[in-house]
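The values are calculated or read from the model by the stated rules, or taken from the named source; none is laboratory data. Since the structure is predicted, the reported quantities are computational estimates derived from the model, not experimental observations. Cβ atoms come from the backbone with ideal geometry, glycine included; neighbour counts cover every protein chain shown. Side chains included, ligands, DNA and RNA excluded: accessible areas come from the protein's heavy atoms. Shrake-Rupley method; radii C 1.70, N 1.55, O 1.52, S 1.80 Å.
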Amino acid sequence: MNISNKLCSLLHTTESICVLTGAGISAESGVETFRGSNGLWSKLKPEELANFDAFMRNPDLVWEWYNYQKKIIHDVKPNPAHYALAHLQDLVKDFTLITQNIDNLHIRAGSKNVLELHGNIERSYCISCGKSVTHVEVTLENKVPHCSSCHGIIRPDIVWFGEMLPEGVFEMATDAATRCELFLSIGTSAVVYPAANLPLIARKQGAYVVEINMERTEISNSVDETLLGKAGEILPQLVKMKEEIKG
Ligand code: BJW
Ligand code: ZN
């Protein structure tokens, strides 16, 4: 792995790291990414699934899709990139992990206080009374689950296009991006806002911003360093370097 002297010396000294992850970090676990030639959305149109109007038009179809996704996610395991980040949280005083992923794999790997910008497929809530539900029974005959309190329709706790991010979460993410010394943007195409603003906010506030991705992205020209390759190979090496420094 080729890293700059600047990144090497920052790894030595920094006690403040903020990380943003996207679908690419889970690719090596077997979860498909969204964009790109083999991404989920090369086969499915996001506008038919990933917005509230689409859900209200055809909740059966949307639930069928998320149940299928849930099963895939349930059957996969965190990969070395998830575990490396879970370990990194113990090596610095100020560590924040922000994810756009809904797959719960960071938490399963042992990461704590994860800021989930786009929700979590393990949770659902009632669109009428807001009650949150952790386990929904969805049968084939009755695909749309209903609330046990008010009989309203239950929806997955996932942030679709045009929806606000969970209250307070983006603010905490912005705070962490603003105060960190090193910001890592990992496995995200950086095209979805407001998440894509976080690396830019961090850089504006003086952080050193490093991107880890298989290919260059929308923000490659705006970051300090791009490490091209698999997150599952690069991250364990970076974290090992930090660990060795700590002794
Ligand atoms: C690897 C790898 C390996 C592969 N190692 N790397 C016009 C301009 C600007 C903004 C907007 C606009 N029109 C609308 C908006 C706002 C909109 C938006 O950003 N749209 C853009 C797409 C244009 N944003 C919103 O609507 C957000 N809300 C909002 O703004 O609220 C305020 C508001 C409210 C009301 C009105 C107006 C404003 C909400 C966004 C919610 C996003 N939700 C989704 C869908 C979830 C549904 C589902 O899961 O099924 O979340 S979209 C989808 O994209 C998902 C992801 O979290 C998100 C980001 O994708 P990500 O993670 O970057 O994945 P990919 O696939 O794109 O990239 C993977 C990368 O990994 C690639 O680069 C690979 O190379 C790399 N990779 N293997 C390392 N092994
Ligand atoms: Zn209800």
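Take the Cα of GLU32, go 7 Å toward its beta carbon, and the backbone nitrogen atoms of the stretch 77-110 under 17 Å from that spot belong to 102-103. Which FRET efficiency, nearest 0.05, do ASN197 and CYS150 yield, Cβ-Cβ r, R0 35 Å? So the FRET efficiency works out to roughly 0.45. Take LYS131: with every protein chain present and a 1.4 Å probe, its accessible area is about 80 Å². Nearest 500 deg cm²/dmol is fine: what mean residue ellipticity at 222 nm does the chain get from its DSSP H runs of n ≥ 4 alone, each adding -39,500 (n - 2.57), divided by its residue count? Helix contribution divided over all residues of the chain: -10000 deg cm²/dmol. Computed log10 I(q)/I(0) for the stretch 159-247 at 0.24 Å⁻¹: -1.23, from the Debye equation with unit scatterers placed on every C-alpha and solvent omitted.
Ranked from largest to smallest solvent-accessible area, with a 1.4 Å probe on the protein heavy atoms, THR99, THR226 come out as THR226, THR99.
Normalised radius of gyration for the stretch 53-98, please: alpha carbon Rg relative to 2.2 N^0.38 Å, two decimal places. List each step's numbers first, then the result.
Values: Rg = 17.2 Å, N = 46, 2.2 N^0.38 = 9.4 Å.
With N residues counted in the stretch 53-98, Rg over 2.2 N^0.38 Å equals 1.82.
Dipole of the stretch 53-191 computed with +1 at Lys/Arg Cβ and -1 at Asp/Glu Cβ about the Cα centre; of GLY119, ALA173, LEU105, farthest Cα towards the positive end is LEU105. Taking the Kirkwood radius as Rh and the Cα radius of gyration as Rg, the stretch 65-130 has a ratio of Rg/Rh equal to 1.04.
What is the percent carbon and sulfur in the accessible area of the chain, measuring with a 1.4 Å probe over the protein chains and ignoring ligands? Don't jump to the answer; show the numbers that get you there.
Numbers: 6290 of 12340 Å².
Taking all protein chains in place, the chain shows 51 percent carbon and sulfur surface.
For the residues THR134, THR217, a 1.4 Å probe over the protein chains yields an accessible-area ranking, largest first, of THR134, THR217.
Against the main long axis of the alpha-carbon atoms of the chain, helix 231-246 sits at an angle near 50°. Once the 1.4 Å probe is applied to the protein heavy atoms, the chain comes out at 50 Å² accessible per residue.
Using r as the Cβ-Cβ distance of LEU228 and MET164, and R0 as 30 Å, what FRET efficiency do you calculate, to the nearest 0.05?
Working: r = 34 Å, r/R0 = 1.13.
Efficiency, from the Cβ-Cβ distance: 0.35.
For the stretch 1-121, the share of alpha carbon pairs falling in successive 5 Å distance bins from zero is 2, 10, 17, 20, 17, 13, 9, 6, 4, 2, 1 percent. Each 5 Å bin from 0 upward holds the following percent of the Cα-Cα pairs of the chain: 1, 6, 13, 18, 19, 16, 11, 8, 5, 3, 1, 0. Remark: the chain carries a charge dipole of roughly 180 debye about the Cα centre, counting +1 on each Lys and Arg Cβ and -1 on each Asp and Glu Cβ.
In square angstrom, rounded to the nearest 10, how much accessible surface does SER42 have for a 1.4 Å probe? Accessible area, nearest 10 Å²: 70 Å².
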